[in-house]
Amino acid sequence: MQTTSSSCARKDALHAYKLIQTIMERLELTLHPEKTRIVGLWTGKEGFDFLGMHHRKTKAETSQNRVYYTTQQWLCTKAEKHIREVVKERLAPPKMRHVSFQEHVDWLNLRIQGWKNYYTTPYSSKWMTKLDWYIRSRLTKWYAKKRQRNCWRGSGYEVKSLSQMYGLKTLL
């Protein structure tokens, strides 16, 4: 019977998993069965989420057109949803309409700087751009409601200039 390289790799991974379980038991620790799984990184089709980042093997190219494989990290979906919830919880409630633009910018800047420090990688610009747009649009909706305007999109230019004036940071 001939074994393929993928089945050998799977056997090796299962063997390593059992060894890790044994070591963890000696330390009186356990692996969470739902959070611990074997992922086939070599195919590049799956990845895994760890500490708010999604990790996946991808193909890259050097400036001399040489192909190499690397593991890329970017913001995972769960972390992106959490960031959106934090921004929405701050800007959506009616009780926050009395807060000044400057206070919102100061509050947002602290969080934006923290998110930027933690989540920025060479491969995360696509996700950071989407979140920057989301923060700016939530701020625009908040501003339109504060000014009692029916259409929030018309407030975009004002919010952009106010953001620059008060120094709203970006995730990029």
Whichever residue in the stretch 97-136 is assigned to a loop (DSSP other than H, G, I, E, B) and either touching a Phe, Trp or Tyr at 6+ places or on another chain (Cβ under 9 Å) or not assigned by TED's automatic domain parsing to the domain that holds Val86 (or both) and, among such residues, is surrounded by the most Cβ atoms within 10 Å (Cβ to Cβ): Ser124
Residue match in the stretch 53-73 (condition: closer than 23 Å to Lys141 by Cβ, of a type in the set (Val, Ile, Thr) and without any contact (Cβ under 8 Å) to a residue 12 or more places away in the chain): no
The stretch 1-14: number of residues that are surrounded by 10 or more Cβ atoms within 10 Å (Cβ to Cβ) and either at pLDDT 90 or above or within 22 Å of Tyr68 (Cα to Cα) (or both): 2
Single condition Gln148 does not satisfy, out of (1) on the phi < 0 side of the Ramachandran plot; (2) at pLDDT below 95: (1)
Pick from the stretch 74-96, criterion part of a helix (DSSP H, G or I) and hydrophobic (A, V, I, L, M, F, W, C), ranking: surrounded by the most Cβ atoms within 10 Å (Cβ to Cβ): Leu91
Test: residue in the stretch 32-44 that is assigned to a helix (DSSP H, G or I), surrounded by 10 or more Cβ atoms within 10 Å (Cβ to Cβ) and either at pLDDT 80 or above or small (Gly, Ala, Ser) (or both): no
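Residues are listed down the side, and each one gets a yes or a no for (1) more than 24 Å from Leu172 (Cα to Cα); (2) of a type in the set (Gly, Ala, Ser); (3) assigned by TED's automatic domain parsing to the domain that holds Arg10; (4) in contact with a Ser or Thr (Cβ under 7 Å, 6 or more places away or on another chain):
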{"site": "His32", "(1), (2), (3), (4)": "yes, no, yes, no"}
{"site": "Lys45", "(1), (2), (3), (4)": "yes, no, no, no"}
{"site": "Met53", "(1), (2), (3), (4)": "no, no, no, no"}
{"site": "Lys57", "(1), (2), (3), (4)": "no, no, no, yes"}
{"site": "Asn65", "(1), (2), (3), (4)": "yes, no, no, no"}
{"site": "Thr70", "(1), (2), (3), (4)": "no, no, no, yes"}
{"site": "His82", "(1), (2), (3), (4)": "no, no, no, no"}
{"site": "Arg90", "(1), (2), (3), (4)": "no, no, no, no"}
Pick from the stretch 45-66, criterion under 21 Å from His32 (Cα atoms) and in a loop (DSSP other than H, G, I, E, B), ranking: farthest from the chain's Cα centre (by Cα): Glu46
Filtered residues of the stretch 137-172 (kept if polar (S, T, N, Q) and either part of a loop (DSSP other than H, G, I, E, B) or touching a residue at least 60 places away in the same chain (Cβ under 8 Å) (or both)): Gln148, Asn150, Thr170
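The values are calculated or read from the model by the stated rules, or taken from the named source; none is laboratory data. Computed from a predicted structure; not experimentally measured. Glycine gets a Cβ as well: all are built from the backbone with ideal geometry, and neighbour counts include every protein chain shown.
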